[in-house]
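Asks: Shown below is the structure under consideration.
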Amino acid sequence: MTISLPRRSAEQVLDRASARRFVAGHIAGSADAFDRRGDLPESLFEAMAEAGLWAPFLSADQGGAGVSYATLGSIHEEVGRGCSSVRSLLTVHTMVSFAISRWGSQEQRQRWLPELASGRVQAAICVSEYEAGSDTGRIGTTARRTDRGWVLDGTKTWITAGRRAGLFLVFARTGSTIAAFLVPRDTSGVEITPIDGILGTRASLLATVGLRDAELGPEALLGPENFAAGMLLAGTLDMGRFSVAAGSVGIVQACLDACAAYTTGRMVGDSRLRDLQLIRAKMADMVTDVTAGRLLYEHAGRLKDSGNAETIMATWIAKYFASTAAARHAAEAVQIHGAHGCGPEYPVARYFRDAKIMEIIEGSSEIQRLTIAEAAYRRSEP
Ligand SMILES: Cc1cc2nc3c(=O)[nH]c(=O)nc-3n(C[C@H](O)[C@H](O)[C@H](O)COP(=O)(O)OP(=O)(O)OC[C@H]3O[C@@H](n4cnc5c(N)ncnc54)[C@H](O)[C@@H]3O)c2cc1C
C-alpha cells in the first residue's frame, strides 16, 4: 500500500530529541487506542513520512538523512517508549531498507530505496513459517527458476506490517540453499490474511503472507543465489535485533515513567507508594537496567558505524539484556500498579504484553543465550 508524496515540511526526526517530540505529538497519547483497535491511523503514516522517520539511516543520495546507527538506535528507543507496535513497523522497514542498500544491485537500489526512505512504500520481512521459526534451516517456501525469472510457493506467517506493506523481502529455498527475493505486494499469487488477537504489539499489522505460484522477474533476487543463508539473512536479522534492543530499552523507560508518576500519587496507609523501600528497590533496578541497556545498544551502534564485525555479538548481547529486562520490569510495573495495572486505565498492561513479544522475536532469549555462550567458548579456545 502506498501513500501520497511526503511534504517534508514538518520537523525532521534526526536524533533523540526530535524523535521524542514526534512521539509526544503523534504517538504517545494514542498508543493505548492503537493497541485496543489493533490498527494505526493513516494520518500517522503520513506524519511519519513527513518527518523522514522511515529510514533516516540511508544516505542522502538514497533519500535518507545519513543518520548514524547509534543515533538510529536512540530514535527507535524513543518510538518504542511510546508504542512498540509502531517501533515494530520501523524495525522491519529498517531491515529491508538496510538489506537493499547493502546487497542490492544498482537497479534494485534505484527502484526501492527512495520509495522506502520517503515512506511511500512500507516494507515487511518474511522469514518465519508455521514449521520454521528459530530454525531457518527448515524454511519450506520454494523458489523455482524459470525462463522468465522465479516462481515462489509457500506460506509465511506472523509477518509484521504484512497487512499494509508494499514490498516483502521473502526468504525461500532454491534447492539446497536459501535465497532472498523482493516481492511487490501486487505480484499475482500474493495473498494477505490478517492475524488478529496476538498477545502484544497488537497494532503492528500482522499478517500471513501466502505465495501461490507467485511469478517474479530475474530482478527479484537480492544478492547472489547462494548467499542469503549466510551473510544476507544474518546481517538483516542483526539490524532487526538492534532495533528491538533499543525498543526494549524504550519499554523499560516507559515503565519507569509510569511507575514514577503512579507511586507519587498513590497512598497506602500514611505513605506515598514512592516512599516505601521495596518500591524504591524496584525503581532502582529499573534505572540501573535502562542505563545499562542503553549503553549496550549504543555500543553496538557505534561498532556498526565504524564497520566493526564485533557489532554482531554486541547486538546479540544488547538484545538479550534489553528484552529480558523489559519483560522483567514490565511485570514489576504491573505489580506496582496493582489492580489499576491490570486494566486499560494505565499503559503498563500494554508494556507487559509487548515486552513478552520482545523475548520471542529476532532471536528468542534461548537462542540468544546459546549464541552468546557459543561465542564465549570460541573466544576461550587457544
Ligand atoms: C508479534 C510477532 C511479530 C513477528 N514478526 C515477524 C516478522 O515480521 N517476520 C518474520 O519472519 N517472523 C516474525 N515473527 C516470528 C518470530 O520471528 C518467531 O516467532 C521466532 O523466530 C521464534 O520462532 P517460533 O515462534 O517458531 O518458535 P520456535 O522456533 O518453534 O521455538 C519455540 C520455543 O523453543 C525455543 N527453542 C527453539 N530452538 C531452541 C534450541 N535450539 N534450544 C533451546 N530452545 C530452543 C525457543 O526459544 C522458543 O522458546 C513474529 C512473531 C511475533 C510473535
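The values are calculated or read from the model by the stated rules, or taken from the named source; none is laboratory data. Just so it is clear, the structure is predicted and the values come from calculations on it, not from any experiment. Every residue, glycine among them, receives a Cβ derived from its backbone with ideal geometry; neighbour counts consider all protein chains shown.
Asks: For region 125-154, how many residues are modelled with pLDDT of 95 or more, within 21 Å of the chain's Cα centre (by Cα) and not in a loop (DSSP other than H, G, I, E, B)?
Replies: Total satisfying the criteria: 4.
Asks: Among the residues of region 155-213, what is the count of those that are more than 13 Å from the ligand (Cβ to nearest atom), in a loop (DSSP other than H, G, I, E, B) and either out of contact with any strand residue (DSSP E or B) (no Cβ under 6 Å at 6 or more places or on another chain) or closer than 21 Å to residue 36 by Cα (or both)?
Replies: Residues in region 155-213 being more than 13 Å from the ligand (Cβ to nearest atom), in a loop (DSSP other than H, G, I, E, B) and either out of contact with any strand residue (DSSP E or B) (no Cβ under 6 Å at 6 or more places or on another chain) or closer than 21 Å to residue 36 by Cα (or both): 5 in total.
Asks: With the requirement that a residue be buried (at least 17 other Cβ atoms within 10 Å of the Cβ), farther than 11 Å from residue 251 by Cα and in contact (Cβ under 8 Å) with a residue 60 or more places away in the chain, what does region 322-340 give you?
Replies: 332, 336, 337
Asks: Which helices (runs of 4 or more DSSP H) sit wholly inside region 29-119 and have at least 3 residues that are touching a Gly at 6+ places or on another chain (Cβ under 6 Å) and surrounded by 22 or more Cβ atoms within 10 Å (Cβ to Cβ)?
Replies: 69-82, 84-103
Asks: Pairs under 7 Å by beta carbon, first residue within 11 Å of residue 83 (Cα to Cα) in region 193-204, partner within 6 Å of the ligand (Cβ to nearest atom) and modelled with pLDDT under 95, six or more apart or different chains?
Replies: Once the first residue is within 11 Å of residue 83 (Cα to Cα) and sits in region 193-204, no partner that is within 6 Å of the ligand (Cβ to nearest atom) and modelled with pLDDT under 95 comes close enough.
Asks: Hey, among 2, 71, which residue is at pLDDT below 95 and polar (S, T, N, Q)?
Replies: When all the criteria are applied, what remains is 2.
Asks: Let me ask you something else. Please list, ordered by first then second residue, the pairs with beta carbon atoms under 9 Å, 6 or more apart or interchain, first in region 18-34 and at pLDDT 95 or above, second surrounded by 21 or more Cβ atoms within 10 Å (Cβ to Cβ) and basic (Lys, Arg).
Replies: Between residues of region 18-34 that are at pLDDT 95 or above and residues that are surrounded by 21 or more Cβ atoms within 10 Å (Cβ to Cβ) and basic (Lys, Arg), the close pairs are 20/81; 23/81; 28/81; 31/350; 32/350; 34/202.
Asks: Surrounded by 22 or more Cβ atoms within 10 Å (Cβ to Cβ) and over 23 Å from residue 110 (Cα atoms), is that true of residue 203?
Replies: yes
Asks: Within 16 Å of the ligand (Cβ to nearest atom) and touching a helix residue (DSSP H, G or I) at 6+ places or on another chain (Cβ under 8 Å): is that true of residue 232 in this structure?
Replies: Yes; evaluated as a whole, the condition is true for this residue.
Asks: Shifting gears a bit: Assess whether residue 129 counts as being assigned by TED's automatic domain parsing to the domain that holds residue 57, surrounded by fewer than 23 Cβ atoms within 10 Å (Cβ to Cβ) and among the acidic types (Asp, Glu).
Replies: So residue 129 does not fit the description; no.
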